Amino acid sequence: MKTVCYYEIANIRPRNDLINSTHKTILGRQCQITELVVGQRGWLLVDVGDDSFGPHRIALSNVLSVVGDDDLIIETENTIYTLKRITPKEEQKIIVRNAIRCNICGDEIESKQRHDFVTCICGACSVDGGSDYLRRCFKSPDCFTDISVYKSAVD
Ligand SMILES: [Zn+2]
């Protein structure tokens, strides 16, 4: 089974130091690797922000080396690309309810705004971040149960 990974094109370094229009267009964009075999041309599927046509297939020059695991450095004949592993837009979740239940005192606590720091009755755990991010403070990681609610970012 093939797992499809998503990356952000974090850096592009042309060997001749000339950034061209394609580089400008795809830098910082979300992409998937469609083909990456050392010694052959590489292909990326890039979200160029064009919603009517969708992702574009972008050709790389011959691949010389691929280094990395989550983040990749792809050296091609003409350019060096740095790809950063990301969660695709399609899988990003919106926080509807940022909440936990303390396993010690049973208190259910919810952070309703970004700087709404809430601690349970016994003081073992806290939530923060509201719908912006999930922050948890705790005496031990097993002292709470996450009861947060999410929805997909693309609904
Ligand atoms: Zn508690």
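The values are calculated or read from the model by the stated rules, or taken from the named source; none is laboratory data. Since the structure is predicted, the reported quantities are computational estimates derived from the model, not experimental observations. Cβ: placed from backbone, ideal geometry, glycine included. Neighbour counts: every protein chain shown.
Figures for the structure shown
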{"read-out": "Output for region 100-133, where each listed residue is in contact with a Gly (Cβ under 8 Å, 6 or more places away or on another chain) and surrounded by fewer than 15 Cβ atoms within 10 Å (Cβ to Cβ)", "value": "Lys112, Gln113, Arg114, His115, Asp116"}
{"read-out": "Residues within region 100-134 that are part of a loop (DSSP other than H, G, I, E, B) and of a type in the set (Ser, Thr, Tyr), tallied", "value": "2"}
{"read-out": "Val96 vs. criteria within 15 Å of the ligand (Cβ to nearest atom), out of contact with any helix residue (DSSP H, G or I) (no Cβ under 6 Å at 6 or more places or on another chain) and either in a loop (DSSP other than H, G, I, E, B) or more than 30 Å from Asp17 (Cα to Cα) (or both)", "value": "no"}
{"read-out": "Residue that is farthest from Cys31 (Cα to Cα) [pool: residues in region 87-127 that are of a type in the set (D, E, K, R) and modelled with pLDDT of 95 or more]", "value": "Asp107"}
{"read-out": "Boolean, Thr79 is more than 30 Å from Asp51 (Cβ to Cβ) and of a type in the set (S, T, N, Q)", "value": "no"}
{"read-out": "Flag for Arg136 being modelled with pLDDT under 95, farther than 30 Å from Val4 by Cα, touching a Gly at 6+ places or on another chain (Cβ under 7 Å) and not aromatic (Phe, Trp, Tyr)", "value": "no"}
{"read-out": "Residue within region 8-16 that is free of Cβ contacts under 8 Å to residues at least 40 places away in the same chain and exposed (fewer than 12 other Cβ atoms within 10 Å of the Cβ) present", "value": "no"}
{"read-out": "Exclusive hit being within 15 Å of the ligand (Cβ to nearest atom) and either over 17 Å from the mean Cα position of the chain (by Cα) or surrounded by 12 or more Cβ atoms within 10 Å (Cβ to Cβ) (or both), set Ile147, Ile58", "value": "Ile147"}
